[in-house]
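The values are calculated or read from the model by the stated rules, or taken from the named source; none is laboratory data. All values derive from a computational prediction rather than experimental measurement. Cβ sites come from the backbone with ideal geometry, for glycine too, and all protein chains shown count toward neighbours. Please note that ligands, DNA and RNA were not included when accessible areas were found on the heavy atoms of the full protein model with its side chains. Shrake-Rupley method; radii C 1.70, N 1.55, O 1.52, S 1.80 Å.
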Amino acid sequence: MAAELEPDRLAVDEATATRLYRALIVVVVSLPLMDLEVFQLAGKSVVLPYITVAVLAVLVASAPGVLARYIRTDGALPFLAGWLFIAGVSAGWAFLRSQDSALFAANVMQLANVVYMGAHYVVLMAALQMQTTARLIRLRDAFIATGCVGALLSVYQVASVVYGWPYAEWLRTSNLYFKAHTLNWHGGGSWIALPRAYGSAPEPTFWAGYLALALAFSFARILQRARARWILESLLIAVGLVLTFSRAAIPPLAAGMFAWLLLRRGRNVGWIVPVTVAVTIALTIWPVLLDERRLALLRDHSAIERLSAQVTGLRMVGDHPIVGVGPGSVPALVDRYLFVVEGEPDVGFSRLYSFLLIVIVTTGVIGTLAFSGYLLEVGRRICAAFQRSRSAEQRTLAAAALMGFVMIAVYWVGSPAYNMSFLWFVLAFGSALETVVEVGRLEWSESE
């Protein structure tokens, strides 16, 4: 891989890289504001992180030859592009089957959302590859510092209920998501009768996903040195995460911490990625193998709802296995494939609760293979950066990215959230590291 990167061809002037670095700092600071509307387009909110990434895209596109040079270094991009192409084919095939203009519009709208997330990855990956190790360290630290501020917000939100402190809702203004109102003593009717922090996210699970990744980036630094400040920042973020009381955050957090333990043992970590991808795909499809009588024994309404929705989605795959039902077709097909657990007639199926299930249902076997290839290649690039790192600082950057990768893959088993910019930032950060490690930056000092 190193020979293919051609350092001279990937050389970039300091002024261009500095301009993109400053824009990346703005992007990182905006990431938790995932529900803050800036304006509306076609009746839908455009939130702040989408705007900051769009500005970064303009800067990347205005730099001569940047995209043309850098996207060719990323082996994950062809798989992502292939998956998006299959999603487009699936959308068209869904219209040909149904001749339903409303269904076609829903598919086009959802396809546009997915493509924009793909654009997130491309733009962030290109801009990050142009940075020095020192600047990536600063971006990581900015991500952690912003997470600490978010954790303080979590603490204040819960304290506003416990102590009656004033709290005004001004960070959740978009119309993109359902808003969970959990700052009360019954937790908004959730599984736990306690106030649940949601930060600046639509609901606690999304906020927990963001804080979990910030915690991974913070905790990875301890592999290098156990500084008191780093430990305190990790503890602060952990407190903010706990106050979300999000059960969906427990599996990815446990997986990330397990990866951390493995990283402490040495550099032979390449097997973590294929095992993670294989296990997450297996966990996504296993509910269809369950006996309905076993599901009926469950007492957790939320768990029943999610497992039942999982089976509903997999029933769709049975009839549309090759390219799926189309990215926007699920709501129109739910009633036809509805799976209701015996004795639980009130379980609802407004959506599928797993992004990996959404990939399988909407783009079929071919799309799942393409998306799995994307995840595997991103993970391979992160592992290559870890194994070939030239310094302890590069190694901890790669460790943070690998922990983040594992957590995102597991998070997507139990969450439909894919259009959160912070997820694509972490994936792009990890993928860009291989280029930074292999090519290096000789044009200016990394000590700056």
Worksheet item: Is there a residue being open to solvent by less than 20 Å² (accessible area, probe 1.4 Å) and among the charged types (D, E, K, R) anywhere in region 115-135?
Response: yes
Worksheet item: Do any residues in region 146-168 that are closer than 16 Å to residue 218 by Cβ have Cβ atoms under 6 Å from those of residues that are open to solvent by 70 Å² or more (accessible area, probe 1.4 Å), where the two are at least six apart or on different chains, and which pairs are they?
Response: 146/29
Fill in: Of the criteria (1) open to solvent by 10 Å² or more (accessible area, probe 1.4 Å); (2) in contact (Cβ under 8 Å) with a residue 60 or more places away in the chain, which one residue 218 fails
(1)
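So that you can scan it fast, the table gives a plain yes or no per residue for (1) part of a loop (DSSP other than H, G, I, E, B); (2) within 30 Å of residue 72 (Cβ to Cβ); (3) modelled with pLDDT of 95 or more:
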| position | (1), (2), (3) |
| --- | --- |
| 334 | no, no, no |
| 339 | yes, no, no |
| 345 | yes, no, no |
| 348 | yes, no, no |
| 351 | yes, no, no |
| 357 | no, no, no |
| 369 | no, yes, yes |
Worksheet item: How do the pairs read when you match residues in region 240-262 that are over 18 Å from residue 413 (Cβ atoms) and without any contact (Cβ under 8 Å) to a residue 60 or more places away in the chain with residues anywhere that are open to solvent by 10 Å² or more (accessible area, probe 1.4 Å) and of a type in the set (Gly, Ala, Ser), using Cβ under 8 Å and keeping only pairs 6 or more apart or on different chains?
Response: 245/190
Worksheet entry | Identity of the residue in region 62-105, hydroxyl-bearing (Ser, Thr, Tyr) and open to solvent by 20 Å² or more (accessible area, probe 1.4 Å), that ends up nearest to residue 380 (Cα to Cα) | 62
Discussion item. If the requirement is being in a helix (DSSP H, G or I), at pLDDT 85 or above and buried (at least 22 other Cβ atoms within 10 Å of the Cβ), which of these qualifies: 361, 279?
Written reply: 361
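When only residues in region 174-193 that are touching a residue at least 12 places away in the same chain (Cβ under 8 Å) and open to solvent by 70 Å² or more (accessible area, probe 1.4 Å) count, which is nearest to residue 419 (Cα to Cα)? Outline the logic, then answer.
From region 174-193, those touching a residue at least 12 places away in the same chain (Cβ under 8 Å) are 174-180, 182-185, 187, 190-192; that's our starting set.
Those still in the list that are open to solvent by 70 Å² or more (accessible area, probe 1.4 Å) too: 178, 185, 191.
On the way: 178: 14, 185: 30, 191: 25 Å.
Restricting to residues being touching a residue at least 12 places away in the same chain (Cβ under 8 Å) and open to solvent by 70 Å² or more (accessible area, probe 1.4 Å), the top hit is 178.
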